[in-house]
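Presented below is the structure to which this report refers.
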Amino acid sequence: MTPLASLLAERIRRFGPITFAEYMRECLYHPVHGYYSQPESSRFADYYTSPDVHPIFGRLLARQFAEMWEQLDRPAEFLLVEAAAGVGRLANHILEFAESRLPDFYNVLRYVAVERSPARCDQLASRLARFVKERKCQPSIDIPKEVPAGCVFSNELLDALPVHRVVQQGGRLQEIFVINDGAGFSEIAQPLSTCAITDYFTALGVRVGSSDTCPDPVGRLGHPESTASPRTITFHESQHAEASLEACDWISEVARRLQRGFVLTIDYGHEAADLSDAHRMAGTVLAYAKHQANEDFYAAPGEQDLTAHINFTALRLSGQRHGLETLGLVSQTQFLLALGQGNEFADLFDPGIDETVRVRARLHLKTLIYPEGIGERFRILLQQKSVPQAKLTGLLGL
């Protein structure tokens, strides 16, 4: 039993069952025992992300951000906010490339690296020390209250925000709660903990069945009549699904703080119709440990990653309610190819490298863009606010 497991078991013993969202939040973000409260080195035993593969990922993002600055008519300051910046690896790739290859953009760039984990903040501050000293980068525990002109972006953040798990039983939705009988954790289905779950699915066009406690669905995504999602999705009996309430809240808050500019979200997920299809009867929540995915969510609380696929339909609708217009949703393969083909991926190579290093760099690029790598696994959602004529190179694959 992990230290966090003991704490959660005692909490359940004293106060009763907790929602899966509460369980997931503690497993990932408990200030002492949460998975993301540990030094970043521990996660390499479980998974890697695109910035870990090669700097080309950050370099092509830098080119896209520079184009955003151009689309905003080159403001005197461009605020680039990275949510969940970790130890600053991606930030360092972007800043170094902008400094050396995009000098006009670099001159107006102010980078805010948002990271809430104290352990990772220390690593971030050390990695980005030169840029912090030059006032090009500002570590922060929260997104700025106002972003006058710029971009807020995230890479594999939203899949790690807590989700409410539900199951269709007897023609209505029930919520999964976590219990502990002294021998271990298990699940029970109970009435929904909040009407926001009903609102969430109803606005997406899901028939959720009758509910005595939630007679008038309206919430994070708006009235269903005000969206483009028809009510045509029906869960099968015993089908599981997730309500990503915190992801919707996150993007809504970003939209409120962004005055003019872009939101770029990199993550794995699908549209609502796919996530609600019968081939996903078990839902999409997974645990990751030692580079293996599993469905034993309760095996080692705080010592394995927990994720759920992003519902991009919900993100689009949440953003739309607060002024974000969707420019496009593309695969990472399409996005990187569109940005790199203009100069035949010359950004892949550092000056003076030998052929052996060039070959290795090409292999890393294949990992990022080829279907057998991670290119087709991830999606890029691009949204804009108050930039109605925006046309971005990264979306040319649409």
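The values are calculated or read from the model by the stated rules, or taken from the named source; none is laboratory data. Bear in mind the structure is a predicted one, so any value in this text is a computation, not a measurement. Methodologically, a virtual Cβ is constructed for each residue, glycine included, from the backbone with ideal geometry; neighbour enumeration extends over all protein chains shown. Each accessible area value is taken on the protein alone, full model and side chains, heavy atoms only, with ligands, DNA and RNA left out. Shrake-Rupley method; radii C 1.70, N 1.55, O 1.52, S 1.80 Å.
Structural remarks
- Cut-off under 5 Å, modelled amide H: who pairs with His164 long-range: Ala243, Leu245
- Taking amide H as placed 1.01 Å from N in the peptide plane, Leu327 has its amide H under 5 Å from the amide H of Leu382, Gln383, Gln384, each at least 5 places away in sequence or on another chain.
- Solvent-free Debye scattering, log10 I(q)/I(0), computed from the Cα coordinates of the chain at q = 0.09, 0.11, 0.14, 0.15 Å⁻¹: -0.56, -0.83, -1.31, -1.46
- Of Thr333, Thr356, Thr198, the one that fluctuates the most in a GNM where the chain has Cα springs shorter than 10 Å: Thr356
- Binning all Cα-Cα separations of the stretch 26-135 at 10 Å, short to long from zero, yields these whole-percent fractions: 14, 43, 29, 13, 2.
- Of the chymotrypsin sites (Phe, Trp or Tyr not before Pro) found in the stretch 308-362, the ones in coil according to DSSP and having at most 14 other Cβ atoms within 10 Å of their Cβ are Phe349.
- Three-way shape label, the stretch 276-398, alpha-carbon gyration tensor, a/c 1.5: oblate
- For the stretch 142-147, the Karplus equation 6.51 cos²θ - 1.76 cosθ + 1.60, evaluated at θ = phi - 60°, returns couplings of 8, 5, x, 5, 9, 10 Hz by residue, with Gly and Pro reported as x.
- Karplus-derived 3J(HN,Hα), 6.51/-1.76/1.60, for each residue of the stretch 282-299, Hz, glycine and proline x: 8, x, 10, 5, 9, 9, 10, 8, 6, 6, 10, 8, 8, 10, 8, 5, 9, 5
- Computed 3J(HN,Hα) for the stretch 324-331, one whole-Hz value per residue from the Karplus formula 6.51 cos²θ - 1.76 cosθ + 1.60 where θ = phi - 60°, is 8, 9, 6, 8, x, 10, 10, 6, glycine and proline marked x.
- For the chain, the fraction of 1.4 Å probe accessible surface lying on carbon and sulfur atoms is 50 percent.
- Less than 5 angstrom separates the built amide H of Val112 from those of Leu80, Val81, Glu82, Gln138, all sequence-distant by 5 or more or on a different chain.
- Protection proxy ranking of 95-106, 139-150 - average other beta-carbon atoms within 10 Å, highest first: 95-106, 139-150
- Here the extension length gained between Ser238 and Arg358 equals 38.1 nm, from 0.36 nm per residue of separation less the Cα-Cα distance.
- Computing FRET efficiency as 1/(1 + (r/R0)^6) for Glu187 and Glu253, where r is the C-beta to C-beta distance and R0 is 22 Å, gives about 0.15.
- Summarising the strand pairing of the stretch 242-374, around 75 percent of its internal DSSP beta bridges are antiparallel.
- Solution diffusion estimate, µm²/s, Stokes-Einstein, the stretch 274-341, Kirkwood Rh from C-alpha pairs, 10 °C, viscosity 1.306 mPa s: 105
- Per residue, the accessible area of the chain comes to 43 Å², computed with a 1.4 Å probe over protein heavy atoms only.
- Where Leu381, Leu363 fall by accessible area, highest first, once all protein chains stay in place (1.4 Å): Leu363, Leu381
- Accessible area of His93 (1.4 Å probe, protein heavy atoms only, ligands and nucleic acids ignored): about 30 Å².
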